[in-house]
Amino acid sequence: MSWYSVAFRKQEILDQLRHFDLVLIAKPSEVFGEGEKYVLDQYMVQGGKTLWLVDRVAMEMDSLYAGGGSALALPRDLNLADLFFNYGLRINPFLVNDLYFTQIVLATGQGSDSQYDPLPWLYNPMVFSKNDHPINANIEAVRFQFTSPIELLGNDLQKTVLLSSSPLSKPDGTPREINLEMINVPPDREHYDKGNMPLAVLVEGRFSSMYRNRVKPLKLQNTRDEGPANKLVLIADGDVIKNQVSGGRPLELGYDKWTNAHYGNKEFLLNATNYLLDDTGLLDIRNKRISIPLLDVEKIAEQKGKWRVLTIGLPVVLALLFGWGFNAYRKRRFAR
């Protein structure tokens, strides 16, 4: 959806969006125009659910590899700050540096002596769930890559932090040079004192248009300034939904082919989608826990003799009685 398409097909695009229960905005890289935001604003105000995965800082591992191990992390302005502000959220242009990290694999050595070793990477947080909401219940740790902290702002909407960085994390400001050499520098734990930064947030309540008291960038039919109860999820990382590829085919979401590790990205996104769409049945099934009662060891030791007789001796006795009775019946029958 480009500014040109919205400007000349504004009503058609909004009418098409109304046929969808949920819109997924994954890792946008181009600036949103006011017309695009107004169409999305009206979609949300009128009950449409949205799942946002947004990078506030422009930084990729491919940039490091292509740049000889070094690249510049820059703030990325998508012109979405006022839209998120309307819902009480702000993604700050920092990179989360976390001592609870996932690994990256780098080649060491040269030629035939090259080895691929998993190494710590502090900008890839391994985020553990608190299991305090249906969306984050019973999932493995979620892998983030170059994520940013979300700031919660005051308004009448209810906000639930679904995932946050570890207590041992800190925000690194941008612009900033990122270098693979930092792997060889031990982190100073004393500086990791600003942790528990929100990385994924659920917003619920009655949504109001961000253009309520502003000049509308487009003329649309059947617009509303206030809407019914609605909800959205904002994740401050576009790579949470990114699959790895092997042999030209995408691998299962959450699987890292380099370390053979499995993360909970897929389950987290499925839970978020089901919750936004009110598919509580699927959520209940996925989050169901099966408890296996443990046996009483002392009771087993006390009654093992009785149960041996019942489970081993009794079947043998019954089999012998059946055989004796059957033979007696045959003798009586054929003796006549």
Pairs beyond 29 Å (Cα-Cα), from LYS49/LYS257; LYS159/LYS219; LYS159/LYS266 | LYS49/LYS257; LYS159/LYS219
When a footprinting reagent is the concern and you count Cβ atoms within 10 Å, what order do TRP52, TRP258, TRP121 take, fewest first?
-> TRP258, TRP121, TRP52
Once amide H atoms are built 1.01 Å from N in the peptide plane, which residues 5 or more positions from LEU163, or in another chain, come under 5 Å H to H?
-> LEU199, ALA200
Report the extension gain between PHE326 and VAL105 in nm, rounded to one decimal, defined as 0.36 nm multiplied by the number of residues separating them, less their alpha carbon distance.
-> 72.2 nm
If unit charges are put on Cβ atoms (+1 for Lys and Arg, -1 for Asp and Glu) and the dipole of region 3-286 is taken about its Cα centre, the option from HIS133, LEU253, PRO171 lying farthest towards the positive end turns out to be HIS133
Computed about the Cα centre, the charge dipole of the chain from +1 Lys/Arg and -1 Asp/Glu charges at the Cβ has a magnitude in debye, to the nearest 20, of 2560 debye
Mind checking region 2-95 for GluC sites (Glu not before Pro) that DSSP puts in a loop (not H, G, I, E or B) and that have at most 16 other Cβ atoms within 10 Å?
-> GLU30, GLU60
Calculate how steeply helix 3-17 sits against the longest principal axis of the alpha-carbon atoms of the chain, using the helix alpha-carbon long axis, and give the answer as 0 to 90 degrees to the nearest 10.
-> 40 degrees
The chain, Kirkwood Rh and Cα Rg, ratio Rg/Rh at 1.23
Would you mind ranking SER164, SER246 so that the residue whose beta carbon has the fewest other beta carbons within 10 Å leads the list?
-> SER246, SER164
So which GluC sites (Glu not before Pro) in region 160-265 pass both tests, a DSSP loop state and at most 13 other Cβ atoms within 10 Å of the Cβ?
-> GLU252
From fewest to most C-beta neighbours within 10 Å, the residues VAL23, VAL233 line up as VAL23, VAL233
Just flag the trypsin sites (Lys or Arg not before Pro) in region 95-181 sitting in loop per DSSP whose Cβ has no more than 13 other Cβ atoms within 10 Å.
-> LYS130
What FRET efficiency, computed as 1/(1 + (r/R0)^6) with R0 = 35 Å and r the Cβ-Cβ distance, is obtained for VAL245 and ARG214, rounded to the nearest 0.05?
-> 0.20
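Quick note: the coordinates plus some simple rules give every number you see, no bench work behind them. No experiment lies behind these values; they were computed from the predicted model shown. We place every Cβ from the backbone using ideal geometry, glycine too, and count neighbours over all the protein chains shown.
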